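K.L.:
Mind looking over this structure? Questions follow.
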Amino acid sequence: MKLSFSYGEIQPGQIQLVGGKGQNIALMHQEGFPVPPGYILSAEAFRMTVSEAKVGESLTTFLSPDISYKALEEVGELLRSSIITMAIGEETKNALRQIYEELIPSAPTGLIVRSSATVEDTPKASLAGLLASFPDIRDFDDLVVAVRRCWASIFTTETHIYLKEQGLLKADIGVAVLIQAMVPAERSGVIFSMDPVTGDSDKVVVEAIFGFGEEIVSGEVTPERYVYSRRRGMIVSRKLGRQAEFITPAGERKPVFEELKLMPKLSDREVYDLAGVGVRLEEIFGRPQDIEWAFSNGTFYILQSRPIVVGERYEKLFPQIGEHTVLLRGVGVSPAVGSGRVRIIGADGVPEVNPNTVVVAQRITNDLAVNLRRAAAVVTDEGGATSHGANILREFGVPCVLATGNATEKLREDQVVTVDGFRGVVYEGDLAIRVSEISATPETETGIFISVLVPEKARHIAPFADGVSSLRNDYFMLESGVHPVKMIKEGLGTYLEDNITNGIIQTLTMFGDKPVWYKTMDAPTDEFRRLRGSEDPEERNPLLGWRGIGRELEEHDMLKLEFRAIRRALIKVGGNLGIKLPFIRFVSELRNAKEIVREVGLRPHQDVKIGISVENPAVVFTLGDFINEGIDFISVGLSDLVMCALALDRESQKVADLFRPDHTAVLRLLEEISSIAKKNRIFTCVAGESARNPAVLPYLVSVGFDAIGVSLSFFAEIKREVARIEDELQGTGHKVVRV
């Protein structure tokens with residue numbers, strides 16, 4: 001029986017013989033990619049060894065889906081010990097000696113021995129980093145030991161759990177071994193031929209570190225990250241990493257010189273070349289690929305390529321929350337969101353976690369990731385979106401934010417947080433809604449409106465809320481993950497229109513005759529650029545860029561589609577519906593928007609109310625002109641107003657401490673809005689999470705704003721607090737005038 005195969009001998013469909021990693025490396029060699037010299041020890045050698053070890057009963061027990069955790073650990077230890085200690089057959093030993101003698105003369109830095117399981121690196125499972133690899137092998141006896149340890153690594157508790165979760169325990173599992181000359185890596189990294197978080201097939205993600213690549217796939221360091229757009233043929237995003245040390249092929253740790261820490265690890269040309277490798281391998285294998293590379297002596301070597309395995313995306317876009325609730329920003333690696341209590345863990349031991357636990361660690365190892373599959377979320381100091389741990393968490397659909405820099409220092413044990421694995425943000429508090437708290441809220445003279453992203457989630461609050469300050473269309477228009485303009489161009493606009501119509505009908509039905517303000521599209525360009533088919537420009541500060549009603553007036557078809565959906569909803573159920581025009585800058589924008597309202601067959605101010613969102617000081621000082629043009633209500637976007645008034649990027653952590661909704665200038669702007677609105681008897685609401693800031697909320701109530709708008713999560717809390725403030729003002733004889 002032949003047990004040793006060169007790359008050129010491998011034929012398509014031989015994964016049961018050489019495993020996923022071996023099959024893929026052979027195909028890449030045959031396609032002309034530079035791969036390290038090597039051979040593959042067939043999985044038949046593994047099967048022969050297992051058979052000779054007479055561990056069939058233990059193997060059956062290990063692969064049982066009903067085995068207890070304790071029994072699993074015991075039988076796994078027995079299997080690993082049996083495989084590691086027993087002598088291998090002469091046929092296998094001869095095959096290994098032949099491989100060793102062929103490779104070692106051309107391997108000055110030794111050999112690397114890598115597991116290649118028959119269920120590994122397939123479209124169904126990556127087993128990313130769960131099986132063993134052994135570098136720096138320099139003599140034959142060490143090679144034999146490394147091969148046996150590769151075989152044994154299939155019998156770990158973490159591997160059993162992974163295979164069970166992926167439905168692969170009944171698969172015919174074998175372990176081939178890939179034996180290669182080591183590449184003395186000067187730089188290493190990973191290529192993802194699509195963005196694994198957003199699913200954007202236009203984007204190729206390239207990450208890089210100095211030295212041997214183990215630290216990038218293990219999550220030890222935060223790599224340098226580049227995002228390349230195929231359509232635009234350019235790098236559209238760069239992010240520096242953090243790397244204090246690097247590992248040599250011999251396993252030695254050496255410091256990164258200070259002058260190198262801020263130097264790019266890849267030139268633009270190198271990023272283009274690596275992105276091209278990703279695109280070509282995706283074409284060869286027929287699906288998006290996760291690729292490991294190493295650079296040595298002027299050559300980029302491709303070490304492996306596997307299909308990207310991604311768990312189900314159950315939401316595409318999550319609501320933005322006020323800046324004062326943002327605790328940390330990092331790299332989002334999974335399109336999911338979760339909340340719970342923080343548990344900070346160290347490097348030792350595997351914690352018991354449940355769906356209410358947010359695990360916080362310095363980094364996530366591959367084996368640890370498997371044990372965190374039930375966690376509410378995971379947050380780390382270091383790591384990258386392409387690490388093995390990130391891959392596994394993404395496959396299990398666990399919300400995950402890596403590379404925050406200081407999560408283990410900034411977050412507290414038992415602190416309640418929400419983790420947005422799509423945007424890479426950790427928020428203060430639990431953004432889930434507790435129905436029991438809602439019905440106990442007191443009456444208030446100030447209306448408490450809510451912001452609605454997904455109508456169904458507002459069902460329990462609708463009877464108690466006084467209106468909807470923003471029925472946001474992000475979910476209706478962006479849930480497909482495809483840019484809405486692309487959908488319209490491809491004749492799929494009807495899908496969007498139906499989606500918006502149904503969302504408005506559902507909301508109007510829940511809220512009856514209470515005001516519901518539909519907010520037209522206001523996602524900034526960086527949000528749109530996450531979507532497939534996006535041609536949005538890269539802006540240095542998207543929050544002050546091409547957004548709001550000004551953008552939609554340029555994309556006439558999209559705005560008209562929204563207004564048609566509004567008309568259809570009103571014809572179907574009627575209701576107290578208003579159109580809120582966001583981030584408006586000029587009176588002409590109001591005038592032009594109303595003209596499009598008329599084009600779809602609606603009468604502004606009669607069939608549907610028209611209002612504006614005041615978010616910059618220029619509008620405050622020209623508010624009279626907007627009123628003369630005709631508006632039915634005013635909504636103040638307080639977070640944006642603070643940003644514009646104080647010239648602070650509201651998403652920048654560097655200036656987060658300066659973001660003050662109670663700044664004197666902001667309060668004067670609010671007073672001016674309230675005064676003008678009262679004189680003209682126009683209903684006014686202050687919306688956004690900054691409105692609930694304890695330093696500014698009493699002021700909003702005291703100057704007589706008609707309503708406060710908050711997200712669903714904080715409705716009950718703010719309703720109670722406003723009631724308390726109103727009682728306090730009444731006790732002091734303060735008279736509040738409202739429209």
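K.L.:
Considering only helices (runs of 4 or more DSSP H) fully contained in the range 365-411, which possess at least 3 residues that are under 12 Å from the mean Cα position of the chain (by Cα), of a type outside the set (Gly, Ala, Ser) and at pLDDT 75 or above?
P.N.:
none
K.L.:
I want to confirm something. Restricting to the range 532-572 and keeping residues that are in contact with a Lys or Arg (Cβ under 8 Å, 6 or more places away or on another chain) and part of a loop (DSSP other than H, G, I, E, B), which single residue is surrounded by the most Cβ atoms within 10 Å (Cβ to Cβ)?
P.N.:
Residues of the range 532-572 that are in contact with a Lys or Arg (Cβ under 8 Å, 6 or more places away or on another chain), as a first pass: 532-536, 538, 543, 548, 550.
Applying the additional criterion that residues be part of a loop (DSSP other than H, G, I, E, B) yields 533-536, 538.
Numbers: GLY533: 18, SER534: 22, GLU535: 13, ASP536: 20, GLU538: 16.
Taking the candidates together, the pick is SER534.
K.L.:
Which of the residues that make up the range 12-49 are surrounded by fewer than 18 Cβ atoms within 10 Å (Cβ to Cβ), free of Cβ contacts under 8 Å to residues at least 24 places away in the same chain and more than 27 Å from ALA185 (Cβ to Cβ)?
P.N.:
Correct list: PRO12, GLY13.
K.L.:
Consider the range 569-592. How many of its residues are within 15 Å of ARG547 (Cα to Cα) and within 34 Å of the chain's Cα centre (by Cα)?
P.N.:
Matching residues across the range 569-592 total 6.
K.L.:
Using the structure shown, decide if LYS678 is among the basic types (Lys, Arg), within 24 Å of VAL425 (Cα to Cα) and assigned to a helix (DSSP H, G or I).
P.N.:
On the way: among the basic types (Lys, Arg): yes; within 24 Å of VAL425 (Cα to Cα): no; assigned to a helix (DSSP H, G or I): yes.
It is false that LYS678 is among the basic types (Lys, Arg), within 24 Å of VAL425 (Cα to Cα) and assigned to a helix (DSSP H, G or I).
K.L.:
Something else about it: Could you give me the residue pairs with C-beta distances under 6 Å whose first residue belongs to the range 603-620 and is buried (at least 18 other Cβ atoms within 10 Å of the Cβ), whose second residue is assigned to a strand (DSSP E or B) and basic (Lys, Arg) wherever it lies, and which are 6+ apart or on separate chains?
P.N.:
GLY611/LYS580; SER613/LYS580
K.L.:
Among the residues of the range 453-489, which ones are at pLDDT 85 or above, in a loop (DSSP other than H, G, I, E, B) and either within 14 Å of LEU559 (Cα to Cα) or out of contact with any helix residue (DSSP H, G or I) (no Cβ under 7 Å at 6 or more places or on another chain) (or both)?
P.N.:
Matches in the range 453-489: PRO463, ASP466.
K.L.:
Being under 30 Å from GLY298 (Cα atoms), polar (S, T, N, Q) and in a helix (DSSP H, G or I) is the requirement here; does ASN24 meet it?
P.N.:
yes
K.L.:
Inside the range 574-588, can you point out the residues that are surrounded by fewer than 20 Cβ atoms within 10 Å (Cβ to Cβ) and at pLDDT 95 or above?
P.N.:
Those that are surrounded by fewer than 20 Cβ atoms within 10 Å (Cβ to Cβ) and at pLDDT 95 or above: ASN576, ARG585, PHE586, VAL587, SER588.
K.L.:
Another question about this same structure. Count, please, the residues in the range 64-92 that happen to be part of a helix (DSSP H, G or I), under 18 Å from LYS2 (Cβ atoms) and in contact with a helix residue (DSSP H, G or I) (Cβ under 7 Å, 6 or more places away or on another chain). Lay out the reasoning, then the answer.
P.N.:
Kept after step one, since they are part of a helix (DSSP H, G or I), are these residues of the range 64-92: 69-85, 90-92.
Checking the rest, the ones that are also under 18 Å from LYS2 (Cβ atoms) come to 90-92.
Narrowing the set further to residues that are in contact with a helix residue (DSSP H, G or I) (Cβ under 7 Å, 6 or more places away or on another chain) leaves 92.
Matching residues across the range 64-92 total 1.
K.L.:
Also, quick follow-up: Report, by residue number, each residue of the range 338-364 that is at pLDDT below 80 and crowded, with 19+ Cβ neighbours inside 10 Å.
P.N.:
Scanning the range 338-364 gives VAL353, ILE364.
K.L.:
Then there's this: Report whether or not ILE104 is at pLDDT 85 or above and over 14 Å from ARG47 (Cα atoms).
P.N.:
yes
Results for (1) modelled with pLDDT under 85; (2) crowded, with 23+ Cβ neighbours inside 10 Å; (3) within 26 Å of LEU372 (Cα to Cα); (4) in the same structural domain as PRO105 (by TED's automatic domain parsing), shown as yes or no for each residue.
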residue: TRP151; (1), (2), (3), (4): no, yes, yes, yes
residue: GLN166; (1), (2), (3), (4): yes, no, yes, yes
residue: LEU169; (1), (2), (3), (4): yes, no, yes, yes
residue: VAL177; (1), (2), (3), (4): no, yes, no, yes
residue: PRO196; (1), (2), (3), (4): yes, yes, yes, no
residue: GLU207; (1), (2), (3), (4): no, yes, yes, no
residue: GLU214; (1), (2), (3), (4): yes, no, yes, no
residue: VAL217; (1), (2), (3), (4): yes, yes, yes, no
residue: TYR226; (1), (2), (3), (4): no, yes, no, no
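K.L.:
Determine if the range 514-526 includes at least one residue that is in a helix (DSSP H, G or I) and either within 28 Å of the chain's Cα centre (by Cα) or buried (at least 23 other Cβ atoms within 10 Å of the Cβ) (or both).
P.N.:
Yes; the residues of the range 514-526 include at least one that is in a helix (DSSP H, G or I) and either within 28 Å of the chain's Cα centre (by Cα) or buried (at least 23 other Cβ atoms within 10 Å of the Cβ) (or both).
K.L.:
Only one residue in PHE659, PHE715, PHE633 is of a type in the set (Phe, Trp, Tyr) and under 20 Å from ILE612 (Cβ atoms). Which one? Explain how you work it out, then say what you get.
P.N.:
On the way: PHE659 fails: under 20 Å from ILE612 (Cβ atoms); PHE715 fails: under 20 Å from ILE612 (Cβ atoms).
Selected residue: PHE633, the only one of PHE659, PHE715, PHE633 that is of a type in the set (Phe, Trp, Tyr) and under 20 Å from ILE612 (Cβ atoms).
The values are calculated or read from the model by the stated rules, or taken from the named source; none is laboratory data. Please read all numbers here as calculations on a predicted model, not as lab measurements. Every residue, glycine among them, receives a Cβ derived from its backbone with ideal geometry; neighbour counts consider all protein chains shown.
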